[in-house]
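Okay, so here's the structure we're looking at.
What follows draws every value from the coordinates through simple rules; no lab data is involved. The shown structure was predicted, so the numbers you read here are calculated from the model rather than taken from an experiment. Positions of Cβ are backbone-derived with ideal geometry, glycine not excepted, and every protein chain shown enters the neighbour counts.
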Amino acid sequence: MSALMPAAVYVGDGQMSVQELPIPVAGAGDVLVEVAQCGICGSDMHLVLERYARPGTVLGHEWAGTVISLGPGVAGWEPGDRVVSNPTPGCGKCRPCRRGRPSVCLEREPPDYLSFGGAFCRYMVVRAERLLRIPDALSTRAAALTEPTAIAIHTVNLARVDTDDRVLITGAGPVGLLTLSVLLARGVTDVTVSEPSASRRERAKAIGAAAVLAPDELGGAPLGRPVEHPYAVAFECSGHAGAAEAALDQLDFAGTLVFVGTGREMPRINHNRMIVLELTAIGAYNYDDEGFGPALALLAGGALPTDLLIEPDDVALSGVLDAMQRLARGEIPGKVMVRPQEVS
Ligand SMILES: [Zn+2]
Ligand SMILES: [Zn+2]
C-alpha cells in the first residue's frame with residue numbers, strides 16, 4: 001500500500017481537484033476502512049457550490065466500505081468486513097436526548113459544519129466502536145444509502161405521520177425520493193410529489209407517488225381556510241423558499257410543515273395562516289437515538305427501491321464537481337455515488 005491516496009479536495013472558489021493525500025493511520029481503537037461508495041449529499045453541494053467549505057476540506061459522509069486493517073486493541077472486526085459507521089451517541093440526559101434527538105445533544109462537540117465527513121477519498125480511519133456490519137442481504141453500494149435513509153426515518157418520525165394521512169413532498173431530488181420511499185415502506189400511501197423537473201416527477205411516480213405535480217399546479221390558498229384537497233403533513237425537501245411557502249398553503253387544520261432541505265433564500269411564513277389553522281413547522285436535521293440500525297435493517301429487508309434511488313452510473317473522484325452541478329440543475333433524480341477507487 002502506498003503512503004498516499006487520491007482524494008477529491010475542495011480548493012476554494014467553488015472548485016474541486018483530485019489530490020494525493022497521506023493515507024490516515026489507524027490509532028488505538030481505530031480501523032482503516034476502504035470507501036467503496038460515498039453518496040453526494042445536498043449539504044456537500046451547498047458547501048462546494050455556495051462556497052462555504054474551507055479550502056483543503058475533503059467532503060462526503062454517506063459512505064459504506066470495507067475494513068482494511070485494525071489499529072491496536074481492536075477486537076471483533078477483521079479485514080474484509082463490510083461496514084458503515086454509526087453516528088456518535090448523545091449523552092442520553094439532556095433535554096434533546098430525552099426527546100430522542102441525540103443529533104442535537106447539548107453535550108456534543110460543537111459541530112464543524114464546514115468540514116465534516118471526509119469520505120470522497122480512498123481510505124478513512126473510523127472508531128471501531130462506531131462500526132456497524134452491513135447485513136449479507138445488502139450490497140455495499142446500496143449500504144451507502146444508510147446515512148440519508150436514517151435521516152429520512154428521523155424526518156418521518158418527527159412529523160408523526162399516520163398511515164391514512166395525505167402527505168405532500170416538495171422537491172423530488174435524492175432527499176425527496178428517499179423520504180417518499182420511507183413513507184411508502186411505512187404504509188403511508190397517499191403521497192403527492194411536487195417537482196419542476198419532469199425526469200424527477202417521473203422517478204417519483206415510478207417509486208410509487210400517488211400523484212405528481214409541477215409546482216404551479218398547486219393552487220393558492222383561500223384566506224383563513226384550507227385548500228380544497230389539503231395535506232396533513234408537508235415535507236419541504238427542495239430548499240427553495242417558494243416551495244416552502246406553497247407547502248404551508250397546502251396544509252389542513254393542525255397540519256405540519258417539515259423543513260428538510262436547506263437553502264440560501266429564506267421563505268416568508270404566513271403567521272396568520274399558522275394561527276388560524278393551528279399549523280406546526282418543524283426542522284429535521286439528523287438521526288433518531290437508534291442511530292443507523294433501523295436504516296440498515298430497512299435497506300437489507302428490501303423495502304426500499306434502491307435501484308430507483310441510486311443513479312446507475314457511479315462517478316470517479318474527478319467527476320464529483322460535475323455531478324454536483326448536474327444535481328443542482330435538477331438534471332439527475334437519484335443519489336449519485338462516488339467511487340473513490342477511481343480517479344477519473
Ligand atoms: Zn448527508
Ligand atoms: Zn444529550
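Structure above, values below:
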{"read-out": "Trypsin sites (Lys or Arg not before Pro) within region 260-299, DSSP loop, no more than 14 other Cβ atoms inside 10 Å", "value": "R264, R268"}
{"read-out": "Alpha-carbon centroid distance for the pair region 61-140 / region 282-330, whole angstrom", "value": "16"}
{"read-out": "Full-stretch length increase - V11, N286 - with 0.36 nm per residue and alpha-carbon distance subtracted", "value": "96.3 nm"}
{"read-out": "Antiparallel DSSP beta bridges within the chain, percent to nearest 5", "value": "55"}
{"read-out": "Of P72, F120, S17, farthest towards positive along the dipole that unit charges on Lys, Arg, Asp, Glu beta carbons give the chain", "value": "P72"}
{"read-out": "FRET efficiency estimate (nearest 0.05) - Cβ-Cβ, E20 to D313, R0 30 angstrom", "value": "0.75"}
{"read-out": "About the Cα centre, charge dipole magnitude for region 150-283 (Lys/Arg +1, Asp/Glu -1 at Cβ), debye", "value": "300"}
{"read-out": "Cβ-based exposure ranking for E62, E245, E331, E236, in which fewest neighbours within 10 Å come first", "value": "E331, E245, E62, E236"}
{"read-out": "Charge context of D30, other residues only, Cβ under 11 angstrom, K/R +1, D/E -1", "value": "+1"}
{"read-out": "Per-residue Cβ neighbour rank within 10 angstrom, fewest leading, K205, K335, K93", "value": "K93, K205, K335"}
{"read-out": "Dipole moment magnitude, nearest 20 debye, the chain about Cα centre, only Lys, Arg, Asp, Glu C-beta charged", "value": "520"}
{"read-out": "Exposure proxy ranking, count of Cβ atoms within 10 Å, fewest first, for F259, F253, F120, F235", "value": "F253, F259, F120, F235"}
{"read-out": "Span-rule helices in the chain, defined as complete DSSP H runs reaching 18 Å or more along the axis (Cα) with Kyte mean at least -1.0", "value": "146-159"}
{"read-out": "Per-selection Kirkwood Rh - the chain (Cα, Å, 1 d.p.)", "value": "20.8"}
{"read-out": "Selected from V58, G334, S194, residue furthest toward positive end of dipole (the chain; charges at beta carbon)", "value": "V58"}
